[in-house]
1. Quick test of your reading of the structure: residue 78 fulfils all but one of (1) in a helix (DSSP H, G or I); (2) at pLDDT 95 or above. Name the failing condition by number.
2. Could you please find all residues in the stretch 409-427 being outside any helix (DSSP H, G or I) and modelled with pLDDT of 95 or more?
3. How many residues, within the stretch 124-147, are over 22 Å from residue 91 (Cα atoms) and assigned to a helix (DSSP H, G or I)?
4. Can you tell which of 159, 230 is under 25 Å from the mean Cα position of the chain (by Cα), free of Cβ contacts under 8 Å to residues at least 12 places away in the same chain and on the phi < 0 side of the Ramachandran plot?
5. So, in the stretch 473-497, of the ones that are in contact (Cβ under 8 Å) with a residue 60 or more places away in the chain and over 27 Å from the mean Cα position of the chain (by Cα), which residue ends up surrounded by the fewest Cβ atoms within 10 Å (Cβ to Cβ)?
6. So which residues in the stretch 450-472 are in a loop (DSSP other than H, G, I, E, B) and surrounded by fewer than 20 Cβ atoms within 10 Å (Cβ to Cβ), if there are any at all?
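The values are calculated or read from the model by the stated rules, or taken from the named source; none is laboratory data. What you are looking at is a predicted structure, and each value in this text was computed from that prediction instead of being measured. No Cβ is skipped: glycine too gets one built from the backbone with ideal geometry, and neighbour counts run over all protein chains shown.
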């Protein structure tokens, strides 16, 4: 590629929309007397924000939390990648780099500067310490990482563990995300890309090990908690006994999900039922929940939605896909094949496609039942468009679909909710829709890693034999019993209103970006924002990330008293 082309590409990338939504702290901090003194005088716990500068969404929220923690006496520090890694989660085959460029050179020199430089510029406004991956790496680290990544047999990479850290698992997850596929078998450069991610995983591990051993951090905060480098950040911190907090943007507008010690993908499955099963249930809570669940049909109260204008006419739906809702019908909801490909101890099937193919084969032998497969709309409308469509994989296994199996394509406007409510039961692998369906009485069978698993609400497959027993019991005699629906609604309320913590000063700015709407730092002090108090308390001393929305007075001190919060920063 000529130097002129490289310069042109860089100039184009420097004017992308994310530049417009980076948090601007300069004016606000200049109006606030004593900010520099607050930073200099803080003597509380050290908290490391492992940030990816060019990831505008995480930079926005984590800068907010850094300021709020500083106002509570803590000592936040920021870790940025200073163009030190040969691959990361910001890279994709359909993104800013061609595959050839990436295989030869990694993200440098074209992409890294437009990630690191704007991120560093934003973080520098706060005057907080900024650490860099490159500062924690020595030449021997690079030699070691390059040698292992080059020489390890490819079939061993995904299972490779380096000094107790599962670097291979996260390297594979990173490569799958790069290609937006569930496997690399069809990618000519797949092995080269995987080796790049392995090298990046090793470098992240070595850098974080050195930084955390020397830094004296009480907690590490990282967005998402998977892929490269964030998955390795958590793995190293856990190995060294440093508390980990992961977070993600939630469904409801202005809200976020936080979790302790592991990615929320894992912790939401293992969360104790004691967090919600004894909630005192009231009519206003039920009304609030059901109103919100109905809004989910068109996404009007969410900032994440994949079908804003759904087709809800049953007759039209039957005509479009050929299903007959007057006969027994079982629904099936897919996930995006490549997304969050991690190891789960409860896995019955190797992956979602194995489950999907086996399920279709089963229903081919049950002509008395119709199977209605809803392919996830995010294959088309997600931030990363899938390059391994579920329908394509299904057609490979079944060139001619069984006559009783019907597909709803990802680009169809057909309402998932309308179709699934017509079904006798719904089969899911990892989708969150199981939370909603059980709340309106629809029986759900879980075959994978759905968050609704282990809650005493769904029928959970613990083995292939158990899964087949659950299918053999179809069709079921009716909807979920009343007491089970009541339990499902308590969990749904907990899930959507208590685990999704609201921050009132975040404003949508075109998914996935959001602005901060702040007039004064006073809005971020202890006792001013209920949701912020819950989040900061969890980061500082490990209390549950649960917002007690059921309490009319709000969450400010419902779970975190001022004394407990103050104790964390003394």
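1. The number of the failed condition is (1).
2. Looking only at the stretch 409-427, we keep the residues that are outside any helix (DSSP H, G or I), and these are 409-415, 422-427.
Answer for the stretch 409-427, where residues must be outside any helix (DSSP H, G or I) and modelled with pLDDT of 95 or more: 422, 423, 424, 425, 426, 427.
3. 9
4. Details: 230 fails: free of Cβ contacts under 8 Å to residues at least 12 places away in the same chain.
Unique residue meeting the criteria: 159.
5. Going residue by residue through the stretch 473-497, those that are in contact (Cβ under 8 Å) with a residue 60 or more places away in the chain are 474-475, 486-487, 489-497.
Still in the list and also over 27 Å from the mean Cα position of the chain (by Cα): 474-475, 486.
Details: 474: 19, 475: 16, 486: 13.
Restricting to residues being in contact (Cβ under 8 Å) with a residue 60 or more places away in the chain and over 27 Å from the mean Cα position of the chain (by Cα), the top hit is 486.
6. Initial filter on the stretch 450-472 (in a loop (DSSP other than H, G, I, E, B)): 450-458, 461-463.
Matches in the stretch 450-472: 454, 456, 462, 463.
Rundown of residues vs (1) under 14 Å from residue 58 (Cβ atoms); (2) assigned to a helix (DSSP H, G or I), yes/no style:
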position	(1), (2)
217	no, no
227	yes, no
236	no, yes
241	no, no
245	yes, no
256	yes, no
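Residue-by-condition table, conditions (1) within 19 Å of residue 229 (Cβ to Cβ); (2) in contact with a helix residue (DSSP H, G or I) (Cβ under 7 Å, 6 or more places away or on another chain); (3) without any contact (Cβ under 8 Å) to a residue 12 or more places away in the chain; (4) crowded, with 23+ Cβ neighbours inside 10 Å:
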site	(1), (2), (3), (4)
38	no, yes, no, no
53	yes, yes, no, yes
67	no, yes, no, yes
75	no, no, no, no
81	yes, yes, no, yes
107	yes, no, no, yes
110	no, yes, no, no
132	yes, no, no, no
